[in-house]
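Readers should treat all values here as calculations from the given coordinates under stated rules, not as data from a laboratory. Model, not experiment: these values are computed from the prediction. All Cβ positions, even for glycine, are placed from backbone atoms using ideal geometry, and neighbour counts span all protein chains on display.
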2 protein chains.
Amino acid sequence: MAKVVAEISSSLDGYVAGPNQTLEEPLGRGGDQLHEWAYPLKSFREPHGLPGGETGPDDELLAQSFRAAGAVVMGRRMFSGGAGPWEADPKADGWWGDEPPFHMPVFVVTHHAREPLAKTGTTFTFVTDGFESAVEQARAAAGDKNVQVGGGADAIDQCLEAGLADELLIHLVPVLLGDGVRLFAGVSPELPPRFELASVLDSPLVTHLRYRILR
Amino acid sequence: MAKVVAEISSSLDGYVAGPNQTLEEPLGRGGDQLHEWAYPLKSFREPHGLPGGETGPDDELLAQSFRAAGAVVMGRRMFSGGAGPWEADPKADGWWGDEPPFHMPVFVVTHHAREPLAKTGTTFTFVTDGFESAVEQARAAAGDKNVQVGGGADAIDQCLEAGLADELLIHLVPVLLGDGVRLFAGVSPELPPRFELASVLDSPLVTHLRYRILR
């Protein structure tokens, strides 16, 4: 059966974005370091329309994640960096221009209703009744493929809190950001999810920790 | 050459102890979960004077750490849970009774001067002029063996901040504590240490991440 996989890059001190997120620095100060392992990879470059790229274990893992996914769920902030009414959002069409790198249906959770947005290869559907509904719609769209919850921290926390995620894949990057957006900050410590290590893949730049989430 | 190795167990959300540390719960609420992987191991039980125990990869790693170490540096709170004058500290002789599990010289960093304390197999020396001095004294005592910085978070942070540590070994336990004492909170984000993954060993209960610290 298809799984709901939450996937995010984290610093060694637990931040998934740095402080002071702006339109110019959507990942906050130092946050780009969290994704440097991915930028040179073939499986990152290809969906972004870029030629070439490195192959190897990191690339295979990313390619496998991409192939396994049939739909994506994300938070509003990951989509545009904004909040509030769309009319006032300078990135209301998303960060990615005319051909976003997803190439599958994307469900954006927001408080602000809006018609679906079709771009080349990717249609963004805006869901205003919460993560559970977004995951359900994504499941239907994904068929027998996985639903990927791509972030940010709040989206993943809410999926963990609601028991919606089957796996958590953390790309642990050995840098310290010192401040910023922490994963798990929105998960209640009273009855936290339980994790079981499924696999580890390490390379010089990043350690990929895959956990099954026990119910 | 002998290395200075900082070693600590951490939750997936970055806590090395839970909230509300007390004499009854020195690791805070839920903090015991961070060490459950170690308790059944032969290499944990043996220095505590207990028979038997499990063998296997986790045990070998712990045994190797123990064999490689010639002296230990720790913070006052790890030694007794206390602070302030020794006369008012109910655990002024440490947590461990007459035969502490170290079986090597231990250097305790404190603001409160005190004569060395000799127990069976372990002498505790109290260092009042800071971590750099404690690490120097521990190096001299360790000879060609490693200095182990055993915690807590503050001791490790200060060693990282002062550039004293050569390696950081994190035993990453897949639980969420939600609150408590965070590793790295005392490391300045302006010029953080750089880490390079040296090795990963994973088992069902814990992932051991060993990082070289670059200068």
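A few remarks follow.
- Using a cut-off of 27 Å between Cα atoms, the listed pairs B:LYS42/B:LYS119; B:LYS3/B:LYS91; B:LYS42/B:LYS145 include B:LYS3/B:LYS91 as exceeding that distance.
- With neighbours defined as other Cβ atoms within 10 Å of a residue's Cβ, the residues B:SER199, B:SER80 order from fewest to most as B:SER199, B:SER80.
- Shape class of region A:61-177 from the Cα gyration tensor (axes a ≥ b ≥ c, square roots of the eigenvalues): rounded, since a/c falls below 1.5.
- B:THR120-A:ASP179 FRET efficiency (beta carbon distance; Förster radius 35 Å; 0.05 resolution): 0.20
- Label 7 Å beyond Cα on the Cβ vector: B:GLY49 copy-to-copy distances, nm: 7.2
- Fraction of alpha-carbon pairs over 17 Å apart in region B:1-139 - percent: 65 percent
- Once the Cβ-Cβ distance of B:LEU214 and A:ALA88 is raised to the sixth power relative to R0 = 41 Å, the FRET efficiency obtained is 0.40.
- Shortest-first distances to equivalent copies, position B:LEU23, nm, label 7 Å out along Cβ: 6.0
- Summed side-chain charge close to A:GLY49 - residues other than A:GLY49 whose Cβ falls under 11 Å, Lys, Arg +1, Asp, Glu -1: -2
- Gyration tensor verdict on the protein assembly as shown (Cα atoms; rounded if a/c is under 1.5, prolate if a/b is larger than b/c, oblate otherwise): prolate
- For B:GLY163, inter-copy label distances in nm, listed shortest first [label point 7 Å out on the Cα-Cβ vector]: 5.3
- Looking down the axis that turns chain B into chain A, the chain B residue with its beta carbon nearest that axis, and the gap rounded to whole angstrom, comes out as B:GLY14, 2.
- Helical mean residue ellipticity (222 nm; -39500 (n - 2.57) per DSSP H run of 4+; nearest 500) of chain A: -5500 deg cm²/dmol
- Restricting the GluC sites (Glu not before Pro) of region A:1-90 to loop positions (DSSP other than H, G, I, E, B) with no more than 12 neighbouring Cβ atoms within 10 Å leaves A:GLU24.
- Charge dipole of region B:71-203 (Cα centre as origin; +1 on each Lys and Arg Cβ, -1 on each Asp and Glu Cβ, all else neutral): 160 debye, rounded to the nearest 20.
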